[in-house]
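Peer 1: Could you have a look at this structure, given as structure tokens, before my questions?
The values are calculated or read from the model by the stated rules, or taken from the named source; none is laboratory data. All figures in this text were calculated on a predicted structure; none of them were measured in a lab. FYI the Cβ positions are ideal-geometry reconstructions off the backbone, even for glycines, and counts take in every protein chain you see. Note: accessible area is taken over every heavy atom of the protein model, side chains too, but ligands, DNA and RNA are not part of it. Shrake-Rupley method; radii C 1.70, N 1.55, O 1.52, S 1.80 Å.
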Amino acid sequence: MFFVPLFLSNLNTKKIARKIEYIRTTGSTNKTIYDMWQNNEIHSGGALITDQQTEGKGRRGNQWISSTNKSLTFSFILNDEDEVLNNKISLISGIAIIDGIKKIANLDCQLKWPNDIMYKNKKLGGILIEKKEGVFIVGIGINVNDLDFEESIQNKACSIYSITSRNTQREPLLAFIFNSFENLLTKNMSEIVKKWESVCNHINTFVKFHHSNQIIEAEFAGLNKDGKAKIKINNTEKIFHSGIIEL
Ligand code: BTN
């Protein structure tokens, strides 16, 4: 059960998530919110949260598994306003989650490019941003009070509970994430890049970079002014907007 009044009492945004829909179960919040948007049932800034997601989508066509009532599983929708939002949206989504977790659980999580939420090299959350017909759909899954994980991800996943041994209320956590997100929307790219780099767990280190069916040992040298990754390969810096990093 997700208590919307408790969420709203912690929310201090003007536009983001002032309208939130809560449904007990759905296939994928990204898909459902898009259907709602197409039916004019939700507008830019609106959000959708569920307790149980049965067909969660991860990046690169992966499945996203979450635990009923324990994970935070939600999406929100934003008009694709300009090139700047295009560059910012993924970075500020990640930073807002880091901020929200810090505020509620006093836990320092980190980001793995492009936008995995990590704690000591285990994944705690993920972000799937889809761009369709003039809107961004930002879908976020965070392992909050999850106790155990499927065998296939047991060694790679963690939750706030598995780290702190304390239950965390999902309602204020979600509000803190939106509060930070809206605040970050007002920042310029150089501030955002600086903040993102300060919470990245592989800045200036050698990583295995997967791109176009190749794996390259390369140095992750941070982000450029547009938020794209700077990867140093044999001392030459190249810019990438997609790829996978293996630590
Ligand atoms: C990743 O692969 O790291 C991204 C995972 C994103 C999962 C979230 S859960 C809420 C939203 N609905 C989905 O179907 N996926 C995203």
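Peer 1: Cβ-Cβ distance below 6 Å, separation of 6 or more or different chains: which pairs start in the stretch 221-232 with a residue that is on the phi > 0 side of the Ramachandran plot and end on one that is modelled with pLDDT under 95 and open to solvent by 20 Å² or more (accessible area, probe 1.4 Å)?
Peer 2: Pairs found: G227/N87.
Peer 1: Among the residues of the stretch 188-209, write down those that are more than 25 Å from A105 (Cα to Cα) and either aromatic (F, W, Y) or open to solvent by 40 Å² or more (accessible area, probe 1.4 Å) (or both).
Peer 2: Answer for the stretch 188-209, where residues must be more than 25 Å from A105 (Cα to Cα) and either aromatic (F, W, Y) or open to solvent by 40 Å² or more (accessible area, probe 1.4 Å) (or both): N188, S190, N204, T205, F206, K208, F209.
Peer 1: Cβ-Cβ distance below 6 Å, separation of 6 or more or different chains: which pairs start in the stretch 19-46 with a residue that is under 25 Å from N62 (Cα atoms) and end on one that is away from the ligand (no atom under 13 Å from the Cβ) and open to solvent by less than 30 Å² (accessible area, probe 1.4 Å)?
Peer 2: Y22/F2; M36/I42
Peer 1: Restrict the check to the stretch 231-242 and report whether at least one residue is closer than 27 Å to T73 by Cα and at pLDDT below 95.
Peer 2: Yes, the stretch 231-242 has at least one match.
Peer 1: If L174 meets every condition in (1) touching a helix residue (DSSP H, G or I) at 6+ places or on another chain (Cβ under 7 Å); (2) open to solvent by 40 Å² or more (accessible area, probe 1.4 Å); (3) within 15 Å of the ligand (Cβ to nearest atom) apart from one, which number is that one?
Peer 2: (2)
Peer 1: Scan the stretch 65-74 residue by residue and report those that are out of contact with any Asp or Glu (no Cβ under 9 Å at 6 or more places or on another chain) and near the ligand (Cβ under 7 Å from one of its atoms).
Peer 2: F74
Peer 1: It is to be established whether one or more residues within the stretch 186-203 are more than 27 Å from G243 (Cα to Cα) and out of contact with any Phe, Trp or Tyr (no Cβ under 6 Å at 6 or more places or on another chain).
Peer 2: The answer is yes, given that some residue of the stretch 186-203 is more than 27 Å from G243 (Cα to Cα) and out of contact with any Phe, Trp or Tyr (no Cβ under 6 Å at 6 or more places or on another chain).
Peer 1: Are any of the residues in the stretch 150-157 open to solvent by 50 Å² or more (accessible area, probe 1.4 Å), among the basic types (K, R) and more than 14 Å from L107 (Cβ to Cβ)?
Peer 2: yes
Peer 1: I'd like the residue in the stretch 116-135 that is touching an Asp or Glu at 6+ places or on another chain (Cβ under 9 Å) and within 13 Å of the ligand (Cβ to nearest atom) and, out of all such residues, is farthest from L72 (Cα to Cα).
Peer 2: Only one residue fits best here, namely K123.
Peer 1: Same structure again: Among the residues of the stretch 49-62, which ones are at negative phi, more than 9 Å from the ligand (Cβ to nearest atom) and without any contact (Cβ under 8 Å) to a residue 40 or more places away in the chain?
Peer 2: Q52, T54
Peer 1: If I filter the stretch 235-243 for residues that are open to solvent by 40 Å² or more (accessible area, probe 1.4 Å) and closer than 22 Å to K123 by Cβ, do I get at least one hit?
Peer 2: Checked against the condition, which is being open to solvent by 40 Å² or more (accessible area, probe 1.4 Å) and closer than 22 Å to K123 by Cβ, the stretch 235-243 yields at least one hit.
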